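The values are calculated or read from the model by the stated rules, or taken from the named source; none is laboratory data. Note that the structure is a prediction, hence the values are computed from the model and not measured. Quick reminder, even Gly has a Cβ in these numbers, built from the backbone with ideal geometry, and neighbours come from all protein chains shown.
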Amino acid sequence: MRIEVKDLSFTYSPDTPFQKQALSGVNLQIEEGDFLGILGHMGSGKSTFILHLNGLIKLQSGEIDVFDVKLVPDKKNKQDLRKLRGTVGMVFQYPEYQLFEDTVEKDVAFGPKNLGLSDAEVASRVERAIRLVGLDYEDVRTRAPFELSGGQKRRVAIAGIIAMQPRVLVLDEPTAGLDPYGKEQILELITKLKRECSPTVIVISHDVDEITRFADRIVVFNDGKVAFDLPMNELFRHSEELTAMGLEIPRAVAIADKLRARGIDLGDVVNADDLVRAVVRKFGHGNMDETAISKLSASQFDFSAEYGGTAAGGDR
């Protein structure tokens, strides 16, 4: 099963002085189980694209198949849209601003109720979703969402989508506005949700360092078209083209590029973990074998010291 987009084009305010083409001939396949990152500068078309995936924008041109739901221009089928929105869950930027019920439990229940589920099924899904996003169900269920912290509110908003048990989870700038600790918690939650709830995850982020931590494939939008669609470890071989599009390069890639320019080739490096492992492979680290090296991560090291760093909790 897959999501297949064929020749998708879209124009805002057509036939007016404000006409703007947002998408032009987009063709894309998203396989079930993909962990897809989407990058692109503001106005590149990435947000318009994802709004098509669950029918929030009506097709003007092209065709979209989302598993067994087909969308084509001028087709009006409310049952299809209802099924589609139960299949593709959308978590928008600052989702906590969309909380409106007087208790957490009622807010999370809103989506499942709209699917026409029984009260017992709704209650079961609500409890599971709240626990799945890492909140204490008994503690928060009767509390007003507005009494919670910013990070907790975001978890409640995500729980409201997860309670619909979507096969595809789309998140638009999921860590926007959060402090570093909150960002780390949400990134860990996204990985957990892919494993335990929604096998296909699509994340839009302006923070390329965040996307490279979990995506296995990245699509880059530019001027309404797909400029790149590559496995993550191949994309940043095109760093000059990406920079020309106004995109930032992951810090690890920038460091590896500078070292390469000085004659030190670390191979394909995408994120901080890759960089640590590549350096260890290149310059050696005691008697560590490949299995041990593959388990290294940047979080094991303290890079805050002025001259290098030490392994966290060790003396190496």
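Report yes if some residue within the range 291-299 is charged (D, E, K, R) and touching a Ser or Thr at 6+ places or on another chain (Cβ under 7 Å); otherwise report no.
The answer is no, given that none of the residues of the range 291-299 is charged (D, E, K, R) and touching a Ser or Thr at 6+ places or on another chain (Cβ under 7 Å).
Sort through ILE158, ILE130 and tell me the only one that's modelled with pLDDT of 90 or more, within 21 Å of ILE211 (Cβ to Cβ) and surrounded by 23 or more Cβ atoms within 10 Å (Cβ to Cβ).
The unique qualifying residue is ILE158.
Would you pick out the residues in the range 13-58 that are modelled with pLDDT under 95, touching a helix residue (DSSP H, G or I) at 6+ places or on another chain (Cβ under 8 Å) and more than 20 Å from VAL201 (Cβ to Cβ)?
Answer for the range 13-58, where residues must be modelled with pLDDT under 95, touching a helix residue (DSSP H, G or I) at 6+ places or on another chain (Cβ under 8 Å) and more than 20 Å from VAL201 (Cβ to Cβ): just ILE57.
Among the numbered conditions (1) more than 21 Å from LEU171 (Cβ to Cβ); (2) at pLDDT 90 or above, tell me where ASP74 comes up short.
Only one criterion in (1) more than 21 Å from LEU171 (Cβ to Cβ); (2) at pLDDT 90 or above is unmet by ASP74, namely (2).
Among the residues in the range 153-163, are any out of contact with any Cys (no Cβ under 6 Å at 6 or more places or on another chain) and more than 26 Å from LEU51 (Cβ to Cβ)?
For the range 153-163, residues out of contact with any Cys (no Cβ under 6 Å at 6 or more places or on another chain) and more than 26 Å from LEU51 (Cβ to Cβ): absent.
Here is a check on your reading of the model: is PRO112 within 23 Å of ARG141 (Cα to Cα) and either surrounded by 17 or more Cβ atoms within 10 Å (Cβ to Cβ) or not charged (D, E, K, R) (or both)?
yes
Go through (1) crowded, with 22+ Cβ neighbours inside 10 Å; (2) part of a helix (DSSP H, G or I); (3) at pLDDT 90 or above one by one and return the number of the condition PHE236 breaks.
(3)
Filter the range 212-229 down to the residues that are over 17 Å from LEU28 (Cβ atoms) and either part of a strand (DSSP E or B) or among the β-branched types (Val, Ile, Thr) (or both) and list them by number.
The one that is over 17 Å from LEU28 (Cβ atoms) and either part of a strand (DSSP E or B) or among the β-branched types (Val, Ile, Thr) (or both): THR212.
Being within 23 Å of the chain's Cα centre (by Cα), surrounded by 16 or more Cβ atoms within 10 Å (Cβ to Cβ), assigned by TED's automatic domain parsing to the domain that holds GLY150 and part of a strand (DSSP E or B) narrows it down to one residue among ILE57, ILE64, ILE50; which is it?
The match here is ILE64.
If SER124 meets every condition in (1) part of a loop (DSSP other than H, G, I, E, B); (2) closer than 14 Å to LYS106 by Cα apart from one, which number is that one?
Here SER124 clears every test but (1).
Considering only the range 252-294, how many residues are outside any helix (DSSP H, G or I) and surrounded by 20 or more Cβ atoms within 10 Å (Cβ to Cβ)?
3
I'm told THR103 meets every condition in (1) surrounded by 17 or more Cβ atoms within 10 Å (Cβ to Cβ); (2) modelled with pLDDT of 90 or more; (3) in contact with a Ser or Thr (Cβ under 9 Å, 6 or more places away or on another chain); (4) not aromatic (Phe, Trp, Tyr) except one. Can you identify the failing condition by its number?
(1)
Kindly list, by first and then second residue, each pair from a residue in the range 59-78 that is polar (S, T, N, Q) to a residue that is at pLDDT 90 or above, limited to pairs with Cβ atoms under 6 Å and residues at least 6 apart or on different chains.
Hits for this filter: GLN60/PHE10; SER61/SER9.
Output the number of the condition that ASP139 fails; it satisfies all remaining conditions of (1) part of a helix (DSSP H, G or I); (2) closer than 26 Å to LEU51 by Cβ.
ASP139 satisfies every listed condition except (2).
List pairs: first residue in the range 188-209 and in contact (Cβ under 8 Å) with a residue 60 or more places away in the chain and in a helix (DSSP H, G or I), second residue aromatic (Phe, Trp, Tyr) and crowded, with 16+ Cβ neighbours inside 10 Å anywhere in the structure, Cβ distance under 9 angstrom, at least six positions apart or on different chains.
Qualifying pairs under 9 Å: LYS194/PHE35; LYS194/PHE214; VAL208/PHE236.
Restricting the search to the range 1-21, which residues are surrounded by 17 or more Cβ atoms within 10 Å (Cβ to Cβ) and farther than 19 Å from ASP74 by Cα?
Correct list: ILE3 only.
Does the range 197-208 contain at least one residue that is over 12 Å from the mean Cα position of the chain (by Cα) and surrounded by fewer than 19 Cβ atoms within 10 Å (Cβ to Cβ)?
Yes: one or more hits.
Determine the pairs where a residue that is within 14 Å of CYS197 (Cα to Cα), located within the range 80-91, has a partner that is of a type in the set (Asp, Glu) and in a helix (DSSP H, G or I) with Cβ atoms under 9 Å apart, the partner being 6 or more residues away or on another chain.
Going by the 9 Å Cβ cut-off, there are no qualifying pairs.
Hey, does the range 178-186 have a residue that's assigned by TED's automatic domain parsing to the domain that holds ILE50, in contact (Cβ under 8 Å) with a residue 60 or more places away in the chain and aliphatic (A, V, I, L, M)?
So far as the range 178-186 goes, no, none of its residues is assigned by TED's automatic domain parsing to the domain that holds ILE50, in contact (Cβ under 8 Å) with a residue 60 or more places away in the chain and aliphatic (A, V, I, L, M).
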